[in-house]
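Everything on this sheet refers to the single structure shown next.
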Amino acid sequence: MTNTATAESTAAPAAGAGTADAVIELQSVTKEFKGFIAVDQVSMRVQPNQVHAIIGPNGAGKTTLFNLITKFLTPTSGAILYKGDDITKADPVDIARRGMVRSFQISAVFPEMTVLENVRVALQQPTGLSFHFWKPESRLQHLNDRAMELLELVGIAGSYRRIAGELPYGQKRALELATTLALDPETLLLDEPMSGMGTEDIDRIGEVILRVAKGRTVVMIEHQMKVVAELSDTITVLERGRILAEGKYADVSQNPDVIEAYMGTGDDD
């Protein structure tokens, strides 16, 4: 059961007519897989310069919703808008060019390269040099200053000479954030950024996310409720592909339906 305030806040305008202040807007989005409805008539708005968390129990449809937003999936029906433009049928490369970039649950770095080299490869993407691995080292020196700035931002500048594959897990996730930021995203989508981390790494990456969120919009799936409470401006709770509740953590965490469906389960997908 969705409360009245939630239903009003998520009501969608006419298809194709975006809300002026929304960065990402879903309008009655449904995704069906051979008769199974994974996302069911979801309408949601993500406001600029906020951290917007998507949570829910196992099978709630979070990952499917994330893949719809980032265009790894196309909805069966409904519309998705980014900064007022309809991106329902766009592809991931197109939305990346528009300024929306995502990370994944599994850390993806070049394990044989140094930390600095990993970020430098990502920085080559907008320069048109991304496939020029045979270029002399001297031709890439101009990227080092920016690469070091990004490593400083995520707190691992001191490890810039280390081989990426030798980093502790938490530092690998920080490196992944640095490479994602190298694409200079306006909107950053994080898929369970704390997955597999211990308490110390969770606290450190939480601080990193707060730093990188300044001046950006961040959407994240996260099952660590302490992280959600500390980082999020808005939380959307999914259950069985529908929005169960939406709002600030203080309100959502007290919602009886949310407590029954999610807060007491202790796990997530």
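Computed quantities for the displayed model
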quantity	calculated
Only listed residue being closer than 26 Å to Gly155 by Cα, of a type in the set (Lys, Arg), surrounded by fewer than 22 Cβ atoms within 10 Å (Cβ to Cβ) and touching a residue at least 12 places away in the same chain (Cβ under 8 Å), chosen from Arg211, Arg240	Arg211
Residue list for the range 31-65, restricted to those being small (Gly, Ala, Ser), surrounded by fewer than 16 Cβ atoms within 10 Å (Cβ to Cβ) and in contact (Cβ under 8 Å) with a residue 12 or more places away in the chain	Gly59
Yes/no for Leu129 being assigned by TED's automatic domain parsing to the domain that holds Ala178, at pLDDT 70 or above and of a type outside the set (Phe, Trp, Tyr)	no
Unique residue being within 18 Å of Gly61 (Cβ to Cβ), of a type in the set (D, E, K, R) and surrounded by fewer than 18 Cβ atoms within 10 Å (Cβ to Cβ) when the list is Asp191, Asp257, Asp203, Asp233	Asp257
Count of residues meeting criterion [closer than 28 Å to Val212 by Cβ and in a loop (DSSP other than H, G, I, E, B)] in the range 33-56	5
Leading residue by the ranking (surrounded by the fewest Cβ atoms within 10 Å (Cβ to Cβ)) among those in the range 214-230 that are touching a residue at least 40 places away in the same chain (Cβ under 8 Å) and in contact with a helix residue (DSSP H, G or I) (Cβ under 6 Å, 6 or more places away or on another chain)	Ile221
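Conditions (1) assigned by TED's automatic domain parsing to the domain that holds Gly61; (2) closer than 23 Å to Gln50 by Cα, marked per residue:
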residue	(1), (2)
Gln141	no, no
Leu150	no, yes
Tyr160	no, no
Leu190	yes, yes
Pro193	yes, yes
Arg211	yes, yes
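The values are calculated or read from the model by the stated rules, or taken from the named source; none is laboratory data. Please read these numbers as outputs of a predicted model, since none were measured by experiment. No Cβ is skipped: glycine too gets one built from the backbone with ideal geometry, and neighbour counts run over all protein chains shown.
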